[in-house]
Every structure is written in structure tokens, then in C-alpha cells.
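I have placed the structure first, in the form of C-alpha cells, so that the comments after it can refer back to it.
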């Protein structure tokens, strides 16, 4: 391999700066793509949950689940308190 074969020649600082900005933009796009996929996963899970009927009694503690919660969160299976505990322990 001859000297310089493995290097990209940069004509001036502006070209180098452009490459860094381009890489930063690509990283931002990648991050955005990852977050959009995460949101889509949550939406799919919520849609699947909504297909089930809401429970009237919490599966964890046996307390009643208020009707307002059942309507707000279709397919809910836990009271607010138990749901919070479950989410914290994940």
C-alpha cells in the first residue's frame, strides 16, 4: 500500500466541517428512527391491550378498578397503584 492510499484528502477546513455536520445529522436521524420504533411498539401494545375487556378488579391486589380508569385505559388489568409498582419494577 502506498503512502496516502488509506487516507481521504481534505482540501480545506470547510470540507472537514461539512463531514462532521453530516455525521452529526446522520446520528440524529438514527436516534430519531430508534425512538419512532419504540413509540410504534408502545402503540402496538396499547392496541393489543385495548382488544381485551377491562377488568373490574385489579389482578394484583383485588381492589376495584374505577369505571373512569376502565374507560380511559381500555383493557386495563390493574389499579393505578399496582400499575405504578409494576412499571417501576421493570
Task: Of the criteria (1) at pLDDT below 90; (2) out of contact with any helix residue (DSSP H, G or I) (no Cβ under 8 Å at 6 or more places or on another chain); (3) surrounded by 10 or more Cβ atoms within 10 Å (Cβ to Cβ), which one residue 64 fails - done: (1)
Task: region 59-74, residues that are outside any loop (DSSP other than H, G, I, E, B) and under 18 Å from residue 87 (Cβ atoms) - done: 69, 72
Open item on the list: What are the pairs with Cβ atoms under 8 angstrom where one residue, in region 77-90, is without any contact (Cβ under 8 Å) to a residue 60 or more places away in the chain and the other, located anywhere, is part of a helix (DSSP H, G or I) and surrounded by 11 or more Cβ atoms within 10 Å (Cβ to Cβ)? Sequence gap at least six, or different chains.
Closed with: 78/86; 79/69; 80/69
- [ ] Tally the residues that are assigned to a loop (DSSP other than H, G, I, E, B), within 23 Å of residue 89 (Cβ to Cβ) and either touching a strand residue (DSSP E or B) at 6+ places or on another chain (Cβ under 6 Å) or modelled with pLDDT under 95 (or both), restricting the search to region 30-58.
- [x] 3
TODO: Exactly one condition in (1) exposed (fewer than 10 other Cβ atoms within 10 Å of the Cβ); (2) at pLDDT 95 or above is not met by residue 79; state its number.
DONE: (1)
TODO: Go through (1) surrounded by 13 or more Cβ atoms within 10 Å (Cβ to Cβ); (2) assigned to a helix (DSSP H, G or I) one by one and return the number of the condition residue 26 breaks.
DONE: (1)
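The values are calculated or read from the model by the stated rules, or taken from the named source; none is laboratory data. None of the values given here were measured: they were computed from a predicted structure. Backbone-built Cβ (ideal geometry, glycine too); neighbour counts: all protein chains shown.
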